[in-house]
Structure formats: C-alpha cells, structure tokens
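A short worksheet on the structure shown next.
The values are calculated or read from the model by the stated rules, or taken from the named source; none is laboratory data. This one's a predicted model, so the numbers in the text were calculated from it and none came from an experiment. Here the Cβ positions follow ideal geometry from the backbone for every residue, glycine too, while neighbour counts run over all protein chains shown. Keep in mind that these areas ignore ligands, DNA and RNA; they rest on the heavy atoms of the full protein, side chains included. Shrake-Rupley method; radii C 1.70, N 1.55, O 1.52, S 1.80 Å.
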Amino acid sequence: ELNISKSNLLNEGTEMNRKLLTDMSFGQGELLLPPIQIAAMYTAFQNNGDVLLPKLVSEIKKTEGNKYVTTQTMEREVYKSGIMKESTINTLIPTLKDVVNSGTAKSIKIEGLTLAAKTGTAIKGSDKTEKTSWLVAWWEDQEESRLALCMVDGPREMNDYKHRIVKALLTPDADGKA
C-alpha cells in the first residue's frame, strides 16, 4: 500500500527503436524503475523464481509493561510466481556471487556470509553529468534471508557510498540475526 512511482519503459512521444531497445537491455535508455520494484525483482533469486510482495516491516509490536509484544506478523506473499526457471537462477547465481567475490561489489564482502549482488549506474541528463548509482545484494545459502538495495543520485564523479550502506545493512547483529 505504498505510493511509489510507476515504472516507465518509454517517455511520452518516444518510439521504440533498435538502439533504444539495446540501451534498455542493460538498464539505460528511458527505462525507469523505482528502487522498491528493483528490490522485489531480485527476491526471485532467493525464492525459486517467485517475486515477493514488498513488505517494509516483518512484524508490528506494542509495549505491555516493560516488554514488547508482537501484535501482527507480516506473512510472505508471492506477487508473481515463476518468473525465472530454476536453470536460469542456477546459471546466474555464480555470476552474481562473483560480483561480490571479485567484481564491482567486492568491498561488501562479509566474513562467514555468502553474498550475491548486482551493481548499476545510469547516466542522466542531456549533458550526462549526473548519475543514478545503485547496488542490490543479498544473503545466499543462509537459513534466514536478507536483501538490501541502495540507490544514490548525484554528480557523475561523486563517490556515492552505496557499498558501505549495503554492507552495513547486510551485516548481522552480534547474535547473527537480522
């Protein structure tokens, strides 16, 4: 029930052509996606090809005396099922793990965890001096699941700190829990 921006393939008045389709295939062109939709899309890798409905909280609590009591737990809900075959997931996961092990997100490595990730940068503006830089990463091969996405807008030459933010969000608490 969030009020989020709508995805966009083409700006009004633009006709699809080969170059634009090619640019869109790697996230450029006129393709626009809100961060929460990108995060939801990547849940398919942890859920056998099912995209989960985004939830901002896992439970709601209230205080009773000096302790918190859970009043509502948000259940896992599938938004779209089977968007990827298991064979496709199995083909892509090693590459997405390599993004962390030796690629563009190696700075988010966390001892004792296997992570998978995808980075992206969209150059913006008619003078191409602005960028939207993002990183989505998640725990792989863990009993509990966790996914984090950070998207930063700014000048092209800016250090956007997305790696530090995502690493902090994926680092378990002292007891190893979310």
Subject >> Mean residue ellipticity (222 nm) of the chain, computed from DSSP H runs ≥ 4 via -39,500 (n - 2.57), nearest 500 >> reply: -7000 deg cm²/dmol
Original post:
When the accessible area of the range 1-130 is split by element with a 1.4 Å probe, what percent falls to carbon and sulfur?
Top reply: 51 percent
Subject >> For the range 1-45: span of alpha carbons on each principal axis (Å, largest first) >> reply: 33, 25, 11
Original post:
Taking the Cα centre of the chain as origin and charging only Cβ (+1 Lys, Arg; -1 Asp, Glu), how large is the dipole, in debye to the nearest 20?
Top reply: 260 debye
Original post:
Convex hull over the alpha-carbon atoms of the range 81-135: what's its volume per residue in Å³?
Top reply: 126 Å³
Subject >> Residues of type lysines that Lys106 reaches as a straight line, Cα spacing below 22 Å, ignoring anything fewer than 8 places off in the same chain >> reply: Lys97, Lys118, Lys131, Lys162, Lys167
Original post:
Taking Cα pairs under 8 Å and at least six residues apart, what relative contact order does the chain come out at, in percent?
Top reply: 14 percent
Subject >> Qualifying aspartates and glutamates (Cα of each under 17 Å from Cα of Lys80; at least 8 residues distant if same chain) >> reply: Glu1, Asp50
Subject >> Segment Lys19-Thr70, length gained on full extension (0.36 nm per residue, minus Cα span) >> reply: 13.1 nm
Original post:
Rolling a 1.4 angstrom probe over the protein heavy atoms, how many square angstrom per residue are accessible across the chain?
Top reply: 68 Å²
Subject >> Cα centroid separation - the range 15-40 against the range 131-165, whole Å >> reply: 18 Å
Subject >> Cα Rg, Dmax, the range 72-172, angstrom units >> reply: 15.6, 49
Original post:
Which of Ala116, Thr104, Trp138 sits farthest toward the positive end of the charge dipole of the range 47-178, with +1 on the Cβ of Lys and Arg and -1 on the Cβ of Asp and Glu?
Top reply: Thr104
Original post:
Over the C-alpha atoms of the range 21-125, what are the Rg and the largest Cα-to-Cα span, Dmax, in Å?
Top reply: 17.9, 59
Original post:
Hey, if you put +1 on the Cβ of every Lys and Arg and -1 on every Asp and Glu Cβ in the chain, which of Gly154, Ser25, Gln72 ends up farthest toward the positive end of that dipole?
Top reply: Gly154
